[in-house]
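Participant: Could you have a look at this structure, given as structure tokens, before my questions?
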Amino acid sequence: ELLAHAREEVEQEKNHALQEASQVMIDARREAERVKESAASEGLEENTLRKERLLAQIEALEERKAQLEHEIAELQQTLTNLSTRLQAEEAAARDSIVAQLDQQKQAFDDDMRARREAQQQQ
């Protein structure tokens with residue numbers, strides 16, 4: 001009878017220990033799942049923050065690109081204006097040189113004509 005009682009007690013303790021172990025395993029699985037979800041959530045938050053930072057950087061780069069495109073357009077317009085002005089100045093300089101050469105040629109021709117006339121009169 002003592003042995004039967006002892007066996008029953010051991011069986012009860014064994015069942016109780018199994019139930020406790022089972023509950024510990026269940027709790028551990030739940031905690032692991034919670035930690036996993038938390039880590040995933042934190043990873044998601046971190047990824048979201050990283051994505052937001054990258055989007056902000058992209059936006060800043062797009063603004064800089066637009067600014068540079070505007071500056072390039074202004075520089076191209078300045079270059080066009082300078083080129084046009086240079087062509088006009090070159091044309092004016094050529095016209096001025098041609099006019100001076102024409103004047104010098106006319107003066108030379110007049111001088112030569114006058115000398116010939118003077119020689120013919122002598």
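Just so you know, all these numbers are worked out from the coordinates, no wet-lab data involved. As the structure is a computational prediction, the values presented were derived from the model and not from experiment. Note that each Cβ is placed from the backbone with ideal geometry, even for glycine, and that neighbours are counted across all protein chains shown.
Participant: Report the far tail of the P(r) of region 81-121, meaning the percent of Cα-Cα pairs longer than 17 Å.
Facilitator: 53
Participant: Note down the magnitude of the dipole of the chain about its Cα centre, charges +1 on Lys and Arg C-beta and -1 on Asp and Glu C-beta and zero elsewhere, to the nearest 20 debye.
Facilitator: 1060
Participant: OK, next. Within a Cβ distance under 13 Å of GLN103, other residues only, what is the Lys/Arg minus Asp/Glu net charge?
Facilitator: -4
Participant: Over the chain, how many percent of alpha carbon pairs lie in each 5 Å bin up to the one with the longest distance?
Facilitator: 2, 7, 5, 5, 4, 5, 4, 5, 4, 4, 4, 4, 4, 3, 3, 3, 3, 3, 3, 3, 2, 2, 2, 2, 2, 2, 1, 1, 1, 1, 1, 1, 0, 0, 0, 0
Participant: Using the Karplus curve 6.51 cos²θ - 1.76 cosθ + 1.60 with θ = phi - 60°, work out ³J(HN,Hα) for each residue of region 85-93 in order, rounded to whole Hz, and write x for Gly and Pro.
Facilitator: 5, 4, 4, 5, 5, 5, 5, 5, 5
Participant: Let me ask something additional. Evaluate the distance, in nm, between pseudo-label points positioned 7 Å from the Cα of GLU117 and of LYS65 along their respective Cα→Cβ axes.
Facilitator: Calculated label separation equals 7.8 nm.
Participant: Step through the residues of region 96-103 one at a time and calculate ³J(HN,Hα) from phi using the Karplus curve (6.51 cos²θ - 1.76 cosθ + 1.60, θ = phi - 60°), rounding each to whole Hz and writing x for Gly and Pro.
Facilitator: 5, 5, 4, 5, 5, 5, 4, 4
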